[in-house]
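Beneath this line is the structure, given in structure tokens, with notes to follow.
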2 protein chains.
Amino acid sequence: MSDFKRIAIIGVGLIGGSFGLAVKERELADDVVGIGYRDETLVRAEARGAIDRWTLDLEEGVSDADLAVVCTPVGLVPEKAIAAAQAMPPGGIVTDVASTKEVITGKIEAELPDGIAFVPAHPMAGSEERGNENATAGLFEGARVILTLTDRTPDAAADAVHYLWERLGARVERLDVAAHDRIVARISHLPHLIAPALVNAVDEASLPYAATGMKDTTRIAASDVRLWVDIFRDNRLNVLDALRAFGVELESIGEALERSDWAKLARCLERARDRRQGLSDDE
Amino acid sequence: MSDFKRIAIIGVGLIGGSFGLAVKERELADDVVGIGYRDETLVRAEARGAIDRWTLDLEEGVSDADLAVVCTPVGLVPEKAIAAAQAMPPGGIVTDVASTKEVITGKIEAELPDGIAFVPAHPMAGSEERGNENATAGLFEGARVILTLTDRTPDAAADAVHYLWERLGARVERLDVAAHDRIVARISHLPHLIAPALVNAVDEASLPYAATGMKDTTRIAASDVRLWVDIFRDNRLNVLDALRAFGVELESIGEALERSDWAKLARCLERARDRRQGLSDDE
């Protein structure tokens, strides 16, 4: 028995496709509708079994859905979430998967019709890969999903989304929206600025010599540019703050090197080593 | 038929152990001797088949070797290479695997006895892992090995080491030593400073939320500290230069963010994306 009868997925790429595959595999909805811009993407999603049917018409797609999950790039989330909320039957729930929350949530709640709930959510899964050809039913297993509920989020809707993500294997946590945006600025958005700067600091002659260390460190520099510019725009102040914190650490390391203060450099590296080793690599 | 009868490996950790396993698997020497500090390491290397026998006495270990490969951390390479050169029979070749070359080569050549050749070499393989328990015979397959020969390197010795690495599956290239040290400062040493700075820029409350992006980007922050301090010391000027280049790129990205210049930020990210995508991930 599932909590949702009809789930509409708006944007069936890596995250939306994986969500569909996971929901279908666990039989958590009777019917999964895919909504998107391009036939090709939706045909592939259906062929892969991530959705039962699809449409290019958002209003039609959500018209009989009780849950609409917006999985578009961050920049499109408010517009699509509001459009879905306005076309859903009363009692419907809209949720999202965006990695910034405060700006998006404010925009959506300002236009939310009565009788429709918005549950802000951020599954911390994904990669520099794109498209539902890379989607997997197991993407969210063991992944953290953060819900950033507001005064306007109805408890029942929050619980339904919370429970759905748990059924998909995720570890669900609730955080204050400001805390969420500050945390992701440090652990997700900051590396997405550092990795490109590192790639660009390597001259043409040296770049072909890049081996494992450089490749690991800069893998995320291959990420989708438009998506990330929108994220940086939404979370600009927190990212600037994270950049400043990085600048302080980098200056400390640079000074140690400049002054040949090897004891100080060793202390910086030891601190980083101990903290990095504290993060498991298999989750 | 092998070019070397007896190979002595000084320092049988990840690189030395993998070298031994690869040489033995391909039957490129009649006898491989391991030399080290600790019984435990050498017993394990022998049990794994990376060496045929072992000793704690460097002079004894190299006394009948025609090739001595110094695989210790960078800081110990000159001392061990000179000790090996002084104890080897005439005609012997000493080579190394260190990732900095100019300082090390200068120190070794200053003390090199007549009749012994030193061939400076740098296999660009390895990881943040340590110890011969992580050694594999395939570590150097497809990896780049750079030889930084000097006026004093005899052609025959250079060719013998060159050929040996090719037999181990490596792609061998010869570079001017100054060019080598400049290149590795950018593509290897720089990320080993950036990753620790990035880890240290994340506050305690945020760190547990780190997901794939942060983990990939900072994996090498878990590397051996003493080893890396020695590398930074040897290659200090090139690394400072690389840090300055990184600072310029970071400032450019930071300014775009500060001024909300999204077109400029997109250009920085696009350039990095295109350059990063040009690096294959499977070599």
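The values are calculated or read from the model by the stated rules, or taken from the named source; none is laboratory data. These figures come from a predicted structure and were not determined experimentally. Every residue, glycine among them, receives a Cβ derived from its backbone with ideal geometry; neighbour counts consider all protein chains shown.
Per-structure values
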item	result
Filter result (part of a helix (DSSP H, G or I) and more than 7 Å from chain A (Cβ to nearest Cβ)) within the range B:251-261	B:Glu251, B:Ser252, B:Glu255, B:Ala256
Residue selected from the range A:66-75 under the condition more than 13 Å from the chain's Cα centre (by Cα) and of a type outside the set (Gly, Ala, Ser), by the criterion nearest to A:Arg130 (Cα to Cα)	A:Leu67
Exclusive hit being touching a Phe, Trp or Tyr at 6+ places or on another chain (Cβ under 7 Å) and either facing chain B (nearest Cβ under 7 Å) or closer than 18 Å to B:Leu198 by Cβ (or both), set A:Val248, A:Val225, A:Val229	A:Val229
Helices (runs of 4 or more DSSP H) (entirely within the range B:163-219) containing at least 2 residues that are within 7 Å of another protein chain (Cβ to nearest Cβ) and not basic (Lys, Arg)	B:191-200, B:212-218
Count of the range A:262-271 residues which are small (Gly, Ala, Ser) and either touching a residue at least 24 places away in the same chain (Cβ under 8 Å) or within 7 Å of chain B (Cβ to nearest Cβ) (or both)	1
Residue match in the range B:42-50 (condition: surrounded by 20 or more Cβ atoms within 10 Å (Cβ to Cβ) and of a type in the set (Val, Ile, Thr))	no
Complete set of residues in the range A:200-228 that are of a type in the set (Lys, Arg) and within 18 Å of B:Val145 (Cβ to Cβ)	A:Lys215
Some residue of the range A:59-82 being surrounded by 23 or more Cβ atoms within 10 Å (Cβ to Cβ), more than 24 Å from A:Ala178 (Cβ to Cβ) and of a type in the set (S, T, N, Q)	no
Leading residue by the ranking (nearest to B:Gly247 (Cα to Cα)) among those in the range A:232-241 that are buried (at least 20 other Cβ atoms within 10 Å of the Cβ) and within 7 Å of chain B (Cβ to nearest Cβ)	A:Val239
Any hit, the range B:108-125, residues being in contact (Cβ under 8 Å) with a residue 60 or more places away in the chain, more than 14 Å from chain A (Cβ to nearest Cβ) and within 22 Å of A:Thr212 (Cβ to Cβ)	no
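Conditions tested, residue by residue: (1) of a type in the set (Phe, Trp, Tyr); (2) more than 21 Å from B:Pro123 (Cβ to Cβ); (3) assigned by TED's automatic domain parsing to the domain that holds B:Thr100.
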{"residue": "B:Gly169", "(1), (2), (3)": "no, no, yes"}
{"residue": "B:Val202", "(1), (2), (3)": "no, yes, no"}
{"residue": "B:Trp228", "(1), (2), (3)": "yes, no, no"}
{"residue": "B:Val248", "(1), (2), (3)": "no, yes, no"}
{"residue": "B:Glu251", "(1), (2), (3)": "no, yes, no"}
{"residue": "B:Ala272", "(1), (2), (3)": "no, yes, no"}
